[in-house]
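Before any comments, here is the structure.
The values are calculated or read from the model by the stated rules, or taken from the named source; none is laboratory data. This structure is a prediction, so every number in the text was calculated from the model and none was measured. Because the Cβ atoms are built from the backbone with ideal geometry, glycine has one as well, and the counts that use them run over all protein chains shown. Surface areas here come from the heavy atoms of the whole protein model, side chains and all, with no ligands, DNA or RNA. Shrake-Rupley method; radii C 1.70, N 1.55, O 1.52, S 1.80 Å.
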Amino acid sequence: MKKVVAPALEKKLAKLGLRAPQDLALHLPHRYEDETRLTQIDAAPVGVPVQVEALVLKAEVKYRPKRQLVVYAEGLVLRFLNFYGSQLRQFQRAADEGQLVRAYGEVRPGFFGAEMVHPRYRVVAQGEPLPESLTPIYPTTAGLSQYQLRKLVLGALEEADFDDTLPAPMRRRYELAELAGSVRSLHKPAPDASVEELVERSSPAWRRVKFDELLAQQLSMRIAYRARRARVALPLPSTGPLLKRFLGKLPFRLTRAQSRSMAEILRDLAQPHPMQRLLQGDVGSGKTIVAAIGCLAAIDAGCQAAVMAPTEILAEQHLRKFTEWLAPLGVPIAWLHGGLSTAEKNAVVKLLKEPKPLIAVGTHALFQKQVGFARLALAVVDEQHRFGVQQRLALRKKSDAALVPHQLMMSATPIPRTLSMTYFADLDVSTIDEMPPGRRGVATRLVSSGRRAEVLGRIREACAEGQQAYWVCPVIEESKEGDLQTAIDTYAALTRELKGLKVGLLHGRLPAAEKAQTMKSFSTGKIQVLVATTVIEVGVDVPNASLMVIEHAERFGLAQLHQLRGRIGRGTRESVCILLYAAPLSQTARARLKVIFESTDGFEIAREDLRLRGPGEFLGERQSGLPLLRYADLEKDEALALLAREAAEQLLAQDEEAARRHVNRWLGSRHENARA
Ligand code: ADP
Ligand code: MG
């Protein structure tokens, strides 16, 4: 590519993930436009993009009402609010030479007759023939026109190597079209191609492309999995004395699902290869104790374990649980977080460098450069989707020894099957699909914010009976002053409105010590009503809190609402979650709240969330460094994804070289971002 394109262009292409000619050839249209026909300007239907053609008469820059390029053509005015000087000159030349403009877009009635604003256009000579087939439209970026990009793509297409990476028997088994022809036909549709099949991506050519993409994703994950699996880790047998003692006197009886997950984890830990397991289970399903058991295996082997959580509050909660459970066994526990003084921090850092058994609990602080472990054998990452790939990689490199630590990732966001078999195909998964016994359900109510007074009454009642309540504010970005103000104002208002009750405030921008203090006051019952932002979303466990009010519930994501609601219903009391919404609700907001109202099943909610938001947002941090699917759609192409998964195993077994070429072709440089 370097030889062919200028650096500025190269940068723009890189933005699109296009680095090699091969990438360009596989940069497929995201839609098609019909430029095979012209529409009479005065017959153009309203609100439908069409192609029209008119003689260019004059072009000038006007300054009223706003700076704009105005092109007068016969029976048509074109307006461009953003334009380059070269465009003005191009149209002036066209006017001088009697050329036509061929424009594609919506025609609207304007002050001077028919108008088009920012149409896609081309200046053409009289009599220039129309294209015979549909025009591909490519995903592009600022400053790179469709025309330029199309030329580059078609150029690359001529040179690209389409040698098929799938053996012929495999193509036959899965009824796949041949690759070269498929790709070409998507860039240059035949004149008789089915528009519908092209647009719906249901043609055999699209099916082949989507299969290849899904296969590449599967292969890349399996290859990454194998590579990591091939590394050496310290086996942590589950026969040690501490583990035995703890299992003999657990604080409660494990659920069947917990026991099963525990067995899977202990089995992995006993292997001389690093575990790479995801432990998923709905909020409150009891993941922490399973993680603690894993950590004990590390301690029994004379090693260290690290437990990391995305927020101070959550990390501190782990610290409390671990201390309660494991300190009686004499297990040393270190606590590393942002709120420590330098001297305290240095002491902990020094401690971790000693080759003695210990469990380190902490936040992002565990990733810091100066933190190194002498004998890290197990890394537990809670709410793994909150951490970036880079951070997890950093953690893996923390151990001094030539050993790779075992990894246990935990997630309370249940992952729908389609996602777990694609984006999480590089992990082994344990699922806790059962709640500890004795939980009372959470009743969900939808209440318009006009009935706030009643809600306050509810809070007073609950607190009079010795219960506690959360009041959650929709602070989406804690870093924005204005955003945070909602929580601060609500706190002030509730302090006034709920005279006689102790109200506390918790948000992400408070100093760590203050957060910890407030959380402690809430868990010991000194604070009765806790006004909070979503910092409480993950993992907070105060069984006595049985009421939650979520203000502006319509602004929250589904998974988030589910997580929030999971903070209550932890005690033996019937709990109530009140979703306050500001009427009137939009269609989508209504649909989302309905899901939360009707379901308490994390998996079902996750599926809906995925459907409403798409995988990009759903995956959160995990997507950084992960190639998202460009062509296949997990929901529509689930069956194809299943076939691709099957094919991946076969291809890896049959022809690893072809498998690698396949991954390079489809993921290329995107693949280099190895997974943690
Ligand atoms: P999460 O999966 O959301 O991290 P936790 O591990 O915080 O859930 O567990 C939620 C609560 O349930 C904690 O108070 C925990 O001690 C308790 N718990 C976990 N497992 C059981 C069980 N088998 N029986 C009773 N209580 C349990
Ligand atoms: Mg948890």
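Going by what's in this entry, would Glu434 be described as farther than 15 Å from Val549 by Cβ and within 16 Å of ligand 2 (Cβ to nearest atom)? So Glu434 passes the test.
Only residues that are open to solvent by less than 30 Å² (accessible area, probe 1.4 Å) and farther than 24 Å from Glu200 by Cβ were counted in the stretch 18-28, giving 3. Consider the stretch 184-199 and keep the residues that are touching a residue at least 40 places away in the same chain (Cβ under 8 Å) and outside any helix (DSSP H, G or I). The one that is surrounded by the fewest Cβ atoms within 10 Å (Cβ to Cβ) is Pro191.
Residue under question is Arg31, and the condition is that it be of a type in the set (Lys, Arg) and open to solvent by 30 Å² or more (accessible area, probe 1.4 Å); does it hold? Yes, satisfied. Within the stretch 12-61, which residues are touching a Gly at 6+ places or on another chain (Cβ under 7 Å), aliphatic (A, V, I, L, M) and within 18 Å of Val117 (Cβ to Cβ)? Once the filter is applied, which keeps residues that are touching a Gly at 6+ places or on another chain (Cβ under 7 Å), aliphatic (A, V, I, L, M) and within 18 Å of Val117 (Cβ to Cβ), the stretch 12-61 yields Ile41, Ala54. Restricted to strands (runs of 3 or more DSSP E) entirely inside the stretch 93-174, those with at least 3 residues that are touching a residue at least 40 places away in the same chain (Cβ under 8 Å) are 100-105, 120-124, 135-137. Only a single criterion out of (1) part of a helix (DSSP H, G or I); (2) within 16 Å of ligand 2 (Cβ to nearest atom); (3) among the small types (Gly, Ala, Ser) is not satisfied by Gly457, namely (2).
Within the span defined as the stretch 150-160, every residue fails to be farther than 30 Å from Arg660 by Cα, open to solvent by 70 Å² or more (accessible area, probe 1.4 Å) and at pLDDT 90 or above.
Considered as a group, the residues in the stretch 534-577 that are surrounded by fewer than 24 Cβ atoms within 10 Å (Cβ to Cβ) and of a type in the set (Val, Ile, Thr) include one that is modelled with the lowest pLDDT, and that residue is Val538.
I'd like to check something: does the stretch 54-71 contain any residue that is within 45 Å of the chain's Cα centre (by Cα) and either under 19 Å from Gln146 (Cα atoms) or in a helix (DSSP H, G or I) (or both)? Within the stretch 54-71, none of the residues are within 45 Å of the chain's Cα centre (by Cα) and either under 19 Å from Gln146 (Cα atoms) or in a helix (DSSP H, G or I) (or both).
A search for C-beta distances below 7 Å between a residue of the stretch 278-306 that is in the same structural domain as Pro405 (by TED's automatic domain parsing) and within 14 Å of Val361 (Cα to Cα) and any residue that is within 9 Å of ligand 1 (Cβ to nearest atom) and aliphatic (A, V, I, L, M), counting only pairs 6+ apart in sequence or on different chains, returns Ala291/Met410.
For Leu585, indicate whether it is away from ligand 1 (no atom under 16 Å from the Cβ), part of a loop (DSSP other than H, G, I, E, B) and open to solvent by 10 Å² or more (accessible area, probe 1.4 Å). Criteria met by Leu585.
For Asp426, the criteria (1) within 16 Å of ligand 2 (Cβ to nearest atom); (2) open to solvent by less than 50 Å² (accessible area, probe 1.4 Å); (3) in a loop (DSSP other than H, G, I, E, B) hold in every case but one, which is (1). Limited to the stretch 276-315, what total is found for residues that are of a type in the set (Asp, Glu) and either within 11 Å of ligand 2 (Cβ to nearest atom) or on the phi > 0 side of the Ramachandran plot (or both)? Matching residues across the stretch 276-315 total 1.
Looking only at residues in the stretch 200-234 that are outside any helix (DSSP H, G or I) and open to solvent by less than 20 Å² (accessible area, probe 1.4 Å), the one that is nearest to Gln650 (Cα to Cα) is Ser203. Based on what the data block shows, is Ser285 closer than 28 Å to Pro414 by Cα, polar (S, T, N, Q) and open to solvent by 40 Å² or more (accessible area, probe 1.4 Å)? Against the criterion (closer than 28 Å to Pro414 by Cα, polar (S, T, N, Q) and open to solvent by 40 Å² or more (accessible area, probe 1.4 Å)), Ser285 does not qualify.
Considered as a group, the residues in the stretch 235-256 that are away from ligand 2 (no atom under 16 Å from the Cβ) and hydrophobic (A, V, I, L, M, F, W, C) include one that is most open to solvent (accessible area, probe 1.4 Å), and that residue is Leu247. Val531 passes every criterion in (1) of a type outside the set (D, E, K, R); (2) within 16 Å of ligand 1 (Cβ to nearest atom); (3) farther than 20 Å from Phe597 by Cβ apart from (2). Taken together, Glu316, Glu324 contain a single residue that is more than 24 Å from the chain's Cα centre (by Cα), of a type in the set (Asp, Glu) and within 10 Å of ligand 1 (Cβ to nearest atom), which is Glu324.
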